[in-house]
Structures are given as structure tokens and as C-alpha cells.
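The structure appears right after this line, and notes come after that.
The values are calculated or read from the model by the stated rules, or taken from the named source; none is laboratory data. What you see is a predicted model; the values in this text were computed from it and never measured. Cβ placement follows ideal geometry from the backbone for every residue including glycine, while neighbour counts extend to all protein chains displayed.
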């Protein structure tokens, strides 16, 4: 019986098949799409088979990205490094020429994406329609990702006394349960009407589920009406959930479980970028 590694080697007999198998390891369609675009750009630029790529080619490729922002450079190089690492692991390559390429240092801009509680409330006040207000309140109140909220169906909701529980199918195929306080729970179930269990919670006028782009438009319009910076995104409501929960004393492990962070250090990072105290406050200005 063939091992998984042997099976991958047998299947990956050319670059196109290698890339297809590699992309198949990622559950998220958004991740697959981003990686596919990065690899397509890389291959078009070098115009040679993957097995013929040298360390010099990799260095030349990295040099062509200098005009981009550090985050974009990091993502494009990371995509190529991930592909070459996979190719080495399954035996398609004998040497990973992408391994020596270093990722650029990326400034930590998380603090710039944390909305204040006052800004969040202004945003909610300027939302038009019960669906839109409930959607953004749920993303903030539960810390859900935008895609997770869009994919939510009525069968994923369960009553727990006056409160409620939602089952969230998250990033990487991981599932988590999130408790909703009574006021938020009542807002959500008020949207149901006669919807069937398999129907999306947040629907368009034609009954289809909302997608990320539609939610982005809802957010942008609300920001405009509220007079808030247009640089904020829907995902920043998730950032706000983590930051505000920690500010109000929520245990870091509870916040981690609620939002579905893979690592406790990811959640703890929010406490560092918005500290509650600083030695600078004890000095005379």
C-alpha cells in the first residue's frame, strides 16, 4: 500500500499537477486563490520549470518585489516558500532553493486597526436596516470572521435559556461553539421568520447568503454615515472584540476559545499593543 508521500510523488509528475496537489491542502477558497495568484506571477516572471529554479533565481525574484509594501512582499515570498517546501517533502525536489530567502520585517500595525468602543457604537447607530445592524453587532459581539458570519445557517443556532449558542465552522476546518448574551441572541433570532434550518441567517432580498464583498459595502456605507475613517474594515470589529474583551477583564484563554485563535500568544498580543499601564505615565512630562 502506498504511503501518502509516495502517492503524492506518483501524482506530481509535472509543475501543474504539483501546484494543484499543493493547493488542495488548503481548505479556504480565499487562501487557495491568493496562493494560486502568487505562484502564477512567480512562474510567469521566471518562465522556467520549478525543478530548474536556482537560488539566484529566487534572489532575483525577491528583488523584483521591492516596490511593494512589506506585507505584500512577505505574502508573495511565503507562497513560493510554502510550495517549494511541499515539493521537497514529497520528493518532487531534491533541494529547497527557496529556504534561504528571508521574509522582510513587517511593522506591527495592529493598533491602527483597533476601533474604540465609542467608534463601534457610532458605527452601529449609523447602520440602516435590522439585518445589517444585527450582522455587524454579531461579528463584534462574537468575534466571528466575516466568512464565518456569512456561512451561518439557522441550524447552527441553539437556545440556551435566555441566551443562545452558535456553532461556528471556522478557519482550517475547526469548529467552535460561541455563547451569545441575551440581548444579542434576541436580535439574531428576530431575523428568522419562517426560514428553514438550512437557510442562511443573513440573506439578500432574493434569499441568497451575503458574501464578503456585500458585507464590505455595508461596512463602508456605515463608516461614511458615521464619519469614521474609511480605513476600518469589517474584520476590525473582530479585532475590537478581542481588545475590548481583554480590556474589560475577560480571561485570555476564554477570548482565544471564543474567536478561534490557534495560539494563545495571538490573543495575548492584543494586550501588548493596547497596554493598560505604562512606566511612561509615572514620569514628569
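For segment 161-174, a residue qualifies if it is over 12 Å from residue 260 (Cβ atoms), loosely packed, with under 14 Cβ neighbours inside 10 Å and either in contact with a strand residue (DSSP E or B) (Cβ under 7 Å, 6 or more places away or on another chain) or touching a residue at least 24 places away in the same chain (Cβ under 8 Å) (or both), but none of them does. Among the numbered conditions (1) without any contact (Cβ under 8 Å) to a residue 12 or more places away in the chain; (2) assigned to a helix (DSSP H, G or I); (3) farther than 24 Å from residue 126 by Cβ, the only one that residue 267 does not meet is (1). Residue 178 fulfils the conditions (1) surrounded by 13 or more Cβ atoms within 10 Å (Cβ to Cβ); (2) assigned by TED's automatic domain parsing to the domain that holds residue 224; (3) part of a loop (DSSP other than H, G, I, E, B) except for a single criterion, (3).
Pairing each residue of segment 242-253 that is farther than 17 Å from residue 144 by Cα with any residue that is surrounded by fewer than 19 Cβ atoms within 10 Å (Cβ to Cβ), provided the two are 6+ apart or on different chains, yields C-beta distances under 8 Å for 247/274; 247/276.
Residues in segment 59-73 include none that are in contact with a helix residue (DSSP H, G or I) (Cβ under 6 Å, 6 or more places away or on another chain) and within 30 Å of residue 174 (Cα to Cα).
Anything in segment 47-59 that is in a helix (DSSP H, G or I) and surrounded by fewer than 16 Cβ atoms within 10 Å (Cβ to Cβ)? List them, or say none. First the steps, then the outcome.
As a first pass, look at segment 47-59 and keep what is in a helix (DSSP H, G or I): 50-52, 55-59.
51, 52, 55, 56, 59 - these are the residues of segment 47-59 that are in a helix (DSSP H, G or I) and surrounded by fewer than 16 Cβ atoms within 10 Å (Cβ to Cβ).
A single entry from 99, 62, 105 fulfils the requirement of being at pLDDT below 95, over 21 Å from residue 235 (Cβ atoms) and surrounded by 14 or more Cβ atoms within 10 Å (Cβ to Cβ): 62. In this entry, residue 224 passes the filter for residues that are modelled with pLDDT of 90 or more, in a helix (DSSP H, G or I) and assigned by TED's automatic domain parsing to the domain that holds residue 179.
Output yes when any residue across segment 258-273 is modelled with pLDDT of 90 or more and at positive phi, and no when none is. No - not one qualifying residue is present in segment 258-273. If you filter segment 125-159 down to residues that are part of a strand (DSSP E or B) and in contact with a strand residue (DSSP E or B) (Cβ under 7 Å, 6 or more places away or on another chain), you find that the one that is nearest to residue 197 (Cα to Cα) is 153.
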